[in-house]
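Quick note: the coordinates plus some simple rules give every number you see, no bench work behind them. The model shown is predicted, which means the values in this text are computed figures rather than measured ones. Here the Cβ is made from the backbone with ideal geometry for all residues, glycine too, and neighbour counts use every protein chain on show.
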Amino acid sequence: MAPLRYALRYTAQGLEEVLLPLPQTLPGQEVGEVSLSHKPLEVYEAQGNLLARFALEEGEALEVRFRLRTTPLQAKPSWREALLREPPEAWPGILAHRGHRVERALGFLLSGRPHAWFLVDGLPLDPLLFQALGENPALLLPLGVAPDPRGYLGGHEGKRLLLFKTPWPGEEEPLRQSLRPLGLDPLPALRGLALASLGLSALGLATGPWPYLPYLGLLAFRQGPALKDLFRRSPRHALESLLFHAFALSVTTDPRPELGLGYLGLFFWNRLRPFSSAPRGSPEEA
């Protein structure tokens, strides 16, 4: 993945002295060109975290800008197969009981959503995404990935930033910063244009496919490889996305209700019958 620029932002709630984690290079993430909007009172490392202390006034915003390159982590630790026979919510406790060093990891998915997972002897363990992707394999398609849930026992998809880690079990404070990408992303504008063309076409003002095609082309560029992976693992989830765009394109030219009905059928089927409920040995579970 090519490096992209991001910003971490924190807004002071009052006159305060605040201690915040700074991004740093770790396995799966390479951080560079870090710039701070405010000069820190001190910067130091503690328990593997890079921390900075700032004095801020009420309403003052602190921004940390940096360049980030992320890569997937893949490992098959010895404890992986044993955990697959246990409920995911019990995994950290089982590993801690067996003498492994378990830490809580706090950070963000690159969509900007805060996310928490675990580190076991330094390797990622993400019970939350393991369960979520088991029910909906297309969950991370907007990030351009469709990973195998089993990869979260010792690895991750390479679309996240680890910002802070703390011993587990122990007190856990949520991150007080927000993450956003820097630079112009054309996708929201193209999505708006595409939806506007659908609305006009639905009102009888046919626009043709041209306003929708740039949005579809950018989606194909960003999500195409992931959609191919998704089709191998769960064809019905991949077809849901394809049917939606096929129906949307037909609305702008010659509406095809059967495509819309097919999309709705798959939409409800995929949510009423989660992926993890596929019988063992079925093509979806292979």
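Any idea what angle helix 213-233 forms with the longest principal axis of the chain, computed on alpha-carbon atoms, 0 to 90 degrees, nearest 10?
Roughly 80 degrees, rounded to the nearest 10.
Can you give me the angle between helix 257-272 and the longest principal axis of the chain, using Cα atoms only, in degrees from 0 to 90, rounded to the nearest 10?
It is inclined by approximately 40 degrees.
Using the Cβ atoms and a cut-off under 15 Å, what net charge is assigned to the surroundings of Lys165, where Lys and Arg are +1 and Asp and Glu are -1? Intermediate results must be reported in sequence, preceding the final value.
Values: positive: Arg101, Arg104, Arg160; negative: Glu45, Glu103, Asp121, Asp126, Glu171, Glu172, Glu173.
Taking every other residue near Lys165 into account, the sum is -4.
Give me the dipole magnitude in Debye, nearest 20, for the stretch 3-94 about the Cα centre, with unit charges on the beta carbon: positive for Lys and Arg, negative for Asp and Glu. Display every interim value, and only then the final one.
Numbers: 10 positive and 13 negative charges, 117 e Å.
Dipole size: approximately 560 debye.
As a check on your grasp of the helix formula, calculate [θ] at 222 nm for the chain: sum -39500 (n - 2.57) over DSSP H runs of n ≥ 4, divide by the residue count, round to the nearest 500. Let's see the in-between values first.
Numbers: 7 runs with 91 residues, N = 286.
So the helix-based figure for the chain works out to -10000 deg cm²/dmol.
Which one, Pro211, Leu239, Ala105, is farthest towards the positive end of the dipole of the chain when Lys and Arg carry +1 and Asp and Glu -1 on their Cβ?
Leu239
Can you give the charge dipole size of the stretch 137-286 about its Cα centre, rounded to the nearest 20 debye, using +1 on the beta carbon of Lys and Arg and -1 on the beta carbon of Asp and Glu? Write out the running numbers ahead of the final one.
Numbers: 16 positive and 12 negative charges, 31 e Å.
Roughly 160 debye for the stretch 137-286.
Which Cα, out of Pro188, Thr252, Trp269, lies furthest along the positive dipole direction of the stretch 187-277 (beta carbon charges, K/R +1, D/E -1)?
My answer, from the dipole projection, is Trp269.
Distance in nm between label sites at Leu51 and Arg67, each 7 Å beyond Cα in the beta-carbon direction?
According to this spin-label approximation, the distance is 3.0 nm.
Please report the relative contact order for the chain, taking Cα pairs under 8 Å with a sequence separation of at least 6, and give it as a percent rounded to a whole number.
On the way: 495 pairs, mean separation 51.3, N = 286.
Over the chain, the number comes to 18 percent.
Just checking my list (i) 7, 31, 39, 21, 2; (ii) 6, 27, 38, 24, 5, 0; (iii) 6, 23, 28, 23, 15, 5, 0 against P(r) over Cα pairs in 10 Å bins from 0, in percent computed from this structure; which label fits?
(iii)
Which of the lysines could a cross-linker span from Lys76 if the Cα-Cα distance has to be under 28 Å and same-chain partners fewer than 8 positions apart are dropped?
Lys159, Lys165, Lys228
Pick from Arg85, Arg160, Arg273: which is most flexible by mean-square fluctuation in a GNM of the chain where alpha carbon atoms under 10 Å apart are linked?
The residue with the greatest mean-square fluctuation here is Arg85.
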